[in-house]
Every structure is written in structure tokens, then in C-alpha cells.
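Visitor: This is the structure, below, for whatever I ask next.
Read the figures in this text as sums done on the coordinates, not as results from a lab. Owing to the predicted nature of the structure, the values given are computational and were not obtained by experimental measurement. Don't worry about glycine lacking a Cβ; one is built from the backbone with ideal geometry, like all the others, and counts go over all protein chains shown.
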Amino acid sequence: METFEQIVEREKQYLIQTYARYPRALASGKGVWVFDIEGRKYLDLVGGLGVNALGHAHKRIVKVIREQCVRLIHVSNLYYNEYQGLLAERLCKLSGMERAFFCNSGTEAIEGAIKAARAAGHAVGGEAKNKLFAIEGSFHGRTFGALSLTAQEKYRKDFTPLLEGVQFIKLNDADDLYSKIDDTACAIVIEPIQGEGGIRECTQEFLQEARTVADRHKVALIFDEIQCGLGRTGSMFAYQDSGVTPDIVTIAKPLAAGLPLGAFLAREPFASAIGSGKHGTTFGGGPLACRVALEYLSIIEEEGLLENVRKVGAYLNHELNRTRVDFDVVREVRGRGMIQALELNVPARPFVDAAIQKGLLINATQDVVIRLLPAFLLEEKHVDKAMKVLRKLLANRPVEIAAHSRAGV
């Protein structure tokens with residue numbers, strides 16, 4: 001086995017340097033724990049950026065992968081396979097949508113949703129009905145359409161010009177929503193809970209107003225649940241807690257338990273807008289990924305994981321709020337279920353680096369936000385262990401933490 005230093009040097013030489021990686025090489029995992037190549041153990045509250053909702057090496061997922069990979073992995077969408085239709089039916093019944101399109105990732109799901117909305121807009125209002133609206137602070141992916149809907153300059157820089165006809169609405173500002181949307185709009189794209197934006201949640205009232213204005217102007221209401229969906233809030237979809245149903249919903253991350261699989265689900269008027277030959281994919285919806293996704297959904301139901309997300313998520317939220325009371329460095333606690341955050345009044349990255357040294361994996365976003373996306377099988381004892389580390393770090397001055405991290409102690 002290569003040493004950590006050899007792994008780093010090889011990547012520096014041969015990989016395009018797009019990732020600011022944390023200084024660990026992970027080798028294996030079990031449940032909520034991961035192990036690096038030197039055998040050190042870490043409590044994983046990053047969860048593969050929301051992908052590993054079932055933790056690591058879940059025995060039922062491992063079993064299904066082993067069974068299916070010796071039968072059929074890929075055949076392309078020139079042919080039927082026995083699992084794609086079953087998964088589409090399952091997701092439509094869970095979501096209230098009517099049809100599904102499978103792809104490989106969240107950003108591809110957004111691209112497909114944009115195409116469906118544009119095509120549907122043209123059908124009712126001609127080519128002039130093409131404007132796209134997203135929310136300030138949003139993140140929808142890194143391909144050009146998804147990036148055009150991403151209202152964060154750090155991701156957009158160096159790649160302009162992006163798609164024309166995109167505007168941004170202030171988060172939870174109904175007046176701004178009403179002032180900008182008109183009959184030239186074809187889509188409003190909203191994350192019910194912004195992930196990369198720092199775990200910022202849309203209010204129920206804002207989502208309801210978005211539904212009203214979308215109906216008034218015959219606009220596709222698209223909910224991006226790539227990070228917050230598929231059980232992470234304690235409901236199968238985050239929007240189900242608001243009583244607002246979108247026209248299109250995008251999903252990915254945990255869908256196939258670590259295998260690449262994304263989808264957009266749509267109501268019939270928008271699904272039928274893109275017919276045969278207007279959209280496609282080579283890999284999306286293959287038999288291996290779809291069979292694993294069906295098993296994922298069965299595990300969520302049969303192991304009572306939504307209830308666990310609600311129960312342990314509430315406990316996690318309570319413990320995080322205690323830090324807000326006890327430590328001046330904590331500005332705000334946000335989120336619910338297994339998507340939560342601490343906003344600090346100082347940079348978050350030094351805390352993340354120091355936590356790694358203590359055997360805890362957390363993540364920083366928006367410079368001052370500690371983001372937590374743990375597995376749905378997290379237990380209260382795991383929360384206690386994580387909070388013991390976090391509280392110790394929060395009790396230290398950030399300058400001292402940063403120095404501690406740089407020293408590699």
C-alpha cells in the first residue's frame with residue numbers, strides 16, 4: 001500500500017488540481033465510521049457530502065451490488081431493463097410526480113429539468129417564454145445550465161458568459177418574487193433548504209407564494225432536493241413538510257447509496273414536453289444503479305430510518321443550540337434532521353481541520369458555516385461523541401485552533 005505522501009504526490013502530478021482536500025486518505029468504512037490508510041478511526045458527519053445516507057458498507061446494499069454485478073451492470077437505454085421502470089414508479093408514488101428521467105448526477109438532473117421547463121414554456125408561450133429564476137445564495141451544480149442558476153460568484157467566476165435570461169430572487173422575499181416573475185418566465189428553481197448556501201431554509205409561506213405565482217404565469221416550479229431530499233429532513237422529500245408540491249423535483253446524492261444516479265421527476269405537462277430524441281443519457285438508469293436505489297428506498301422504510309432522522313436529528317439540533325448559548329463564537333444554528341449547521345462569527349475551516357485531528361469529520365461551507373450531513377442511522381451516542389469534540393474546539397480561541405491545525409498536532 002502506498003503511503004499518504006505518495007498518494008498526495010501522485011495526485012499533484014497527474015490530477016487537475018480542482019480540490020482542496022483535507023489531509024487524510026480514507027481506506028474503508030463501516031456504519032458511521034471511516035478509517036484512513038494508517039488505521040485511524042473517524043466519526044463521519046460529512047457522509048460523502050450527503051451521499052452516504054446509509055453509512056458505509058451497509059450489508060443489504062453490499063449484498064445487492066454483489067448479486068447484480070454478476071448479472072448485468074450496463075446495457076444502455078436502447079433496451080429495457082427490469083429495474084428502471086420499478087424505480088420510476090416507486091419514486092413517482094413517493095413524490096406525487098408522474099414521470100421520471102434518470103441520469104448520473106445532480107447537476108445533470110438540473111440540466112434535464114431546465115430543458116423540460118424551457119420546452120413546456122415554448123409550448124404555451126412561444127420562444128419568448130424562456131426566463132429562468134433562482135434564489136440568491138443558491139447552488140445547483142457546475143455544468144453551464146446549473147451554474148447559470150447558481151448565485152455564488154466564486155463558482156461562476158472565469159466561466160462567463162453563462163445562460164442568458166437568468167435572474168435571482170431574494171431568499172424568502174415574496175415581494176421580490178412577485179415583482180420579477182411575469183409571463184416571460186418558464187421556471188422558478190428553489191432549494192427548499194440551501195446546502196452549499198449554508199443550510200438556509202425557505203419558509204413555508206415563501207414556497208406557497210412561489211406556487212401561487214408559478215400557477216398564475218404558467219411557470220414550472222422546480223424544487224432542487226439533491227442535497228435535502230430522499231429522507232434527509234425526516235420526510236422523503238423536504239417539500240412535503242410545506243404542503244407545497246412542485247412541478248419538477250431533482251434528486252441525486254443518496255439515491256443509489258454511493259453509485260452515481262440522479263433523476264428529475266415531473267408532472268405530466270412538463271414531462272411530456274420533451275419527447276423521444278429530445279433528451280438522453282448513456283449511463284443513467286442502468287440496472288445496477290436502479291436495483292441498488294430500490295434497495296435504498298426499501299431500507300429507509302423497513303428500518304424506520306425516517307423516524308430515526310427525526311428523533312436523532314432533534315437531539316442533534318438541541319445539542320447544537322446548547323453551543324449557541326454557551327459559546328460566543330456560535331452565531332446561529334440552522335437545519336433539521338440530518339442536514340444541520342453551525343454558523344460562526346469566525347472562519348470555520350480551522351475548526352474542521354482541528355476536528356480531523358480529534359477523529360471527527362465535519363465540513364465547512366460559506367467560509368463561516370460548519371455543515372453536518374450525517375448518515376440516517378446516526379445514534380444519540382454518536383451525537384454525544386461529536387459534541388464533546390465540537391464543544392472542546394469551540395471553547396478554544398480560533399487563532400489557537402488554527403495554529404494547532406497548521407502544526408499537525
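Visitor: Among Met236, Val389, Leu372, which residue has its Cα positioned farthest towards the positive end of the charge dipole of the chain, with +1 placed on the Cβ of Lys and Arg, -1 on the Cβ of Asp and Glu, and the dipole taken about the Cα centre?
Guide: My answer, from the dipole projection, is Val389.
Visitor: Sticking with this structure for a sec: Can you give the net charge of the other residues whose Cβ lies under 13 Å from the Cβ of His217, counting K and R as +1 and D and E as -1?
Guide: +1
Visitor: Considering only DSSP beta bridges where both residues belong to region 72-302, give the percentage that are antiparallel (nearest 5). Each step should come with its number before you reach the end.
Guide: Details: 11 of 26 bridges.
In region 72-302, approximately 40 percent of DSSP beta bridges are antiparallel ones.
Visitor: Straight-line reach from Lys129: which aspartates and glutamates have a Cα under 15 Å away, not including same-chain ones fewer than 8 places off?
Guide: List returned: Glu164, Asp182, Asp183, Asp215.
Visitor: Could I ask something else about it? For helix 380-395, report the angle its Cα long axis makes with the longest principal axis of the Cα atoms of the chain; keep it between 0 and 90° and round to the nearest 10°.
Guide: So the helix axis and the longest Cα principal axis differ by about 70 degrees.
Visitor: Measuring from the lowest to the highest alpha carbon on each principal axis, how far does region 328-382 reach, largest first, in angstroms?
Guide: 31, 26, 19
Visitor: What is the Cα centroid distance between region 19-71 and region 125-169, reported in whole angstrom?
Guide: Value for the Cα centre distance between the two parts: 33 Å.
Visitor: Separate question: Residue farthest toward the positive end of the dipole of the chain, with Cβ of Lys/Arg at +1 and Asp/Glu at -1: which of Ile7, Phe327, Gly277?
Guide: Ile7
Visitor: Measure of size requested: the Rg and Dmax of region 72-302, with Cα atoms as the atom set and Å as the unit; please supply both.
Guide: Just the Cα atoms of region 72-302 yield Rg and Dmax of 16.7, 52 Å.
Visitor: Exposed loop sites here are chymotrypsin sites (Phe, Trp or Tyr not before Pro) in DSSP loop states with at most 10 other C-beta atoms within 10 Å. What is the longest stretch of the chain lacking them?
Guide: Values: sites that count: Tyr19, Tyr79, Tyr80.
Answer - 81-409.
Visitor: What ranking do Val213, Val219, Val62 get, fewest neighbouring Cβ atoms within 10 angstrom at the top?
Guide: Val62, Val213, Val219
Visitor: Counting other beta carbons within 10 Å of each residue's own, what order do Cys186, Cys92 fall into, fewest first?
Guide: Cys92, Cys186
Visitor: Treating the angle as unsigned and between 0 and 90°, give the value, to the nearest 10°, between the Cα long axis of helix 59-69 and the longest Cα principal axis of the chain.
Guide: Approximately 50 degrees, to the nearest ten.
Visitor: In addition: Using only alpha carbons, build the gyration tensor for the chain and give me the equivalent ellipsoid semi-axes, biggest first, whole Å.
Guide: 34, 26, 21
Visitor: Given contacts defined as C-alpha pairs under 8 Å and at least six residues apart, what's the relative contact order of the chain, whole-number percent?
Guide: The normalised contact order for the chain reaches 21 percent.
Visitor: So what is the calculated 222 nm ellipticity per residue for the chain, using -39500 (n - 2.57) for each DSSP H run with n of 4 or more, over all residues, to the nearest 500 deg cm²/dmol?
Guide: The per-residue figure over the chain is -12000 deg cm²/dmol.
Visitor: Only Lys, Arg, Asp and Glu count, each charged at its Cβ (+1, +1, -1, -1), so figure out the dipole size of the chain about its Cα centre, rounded to 20 debye.
Guide: Around 880 debye, computed over the chain.
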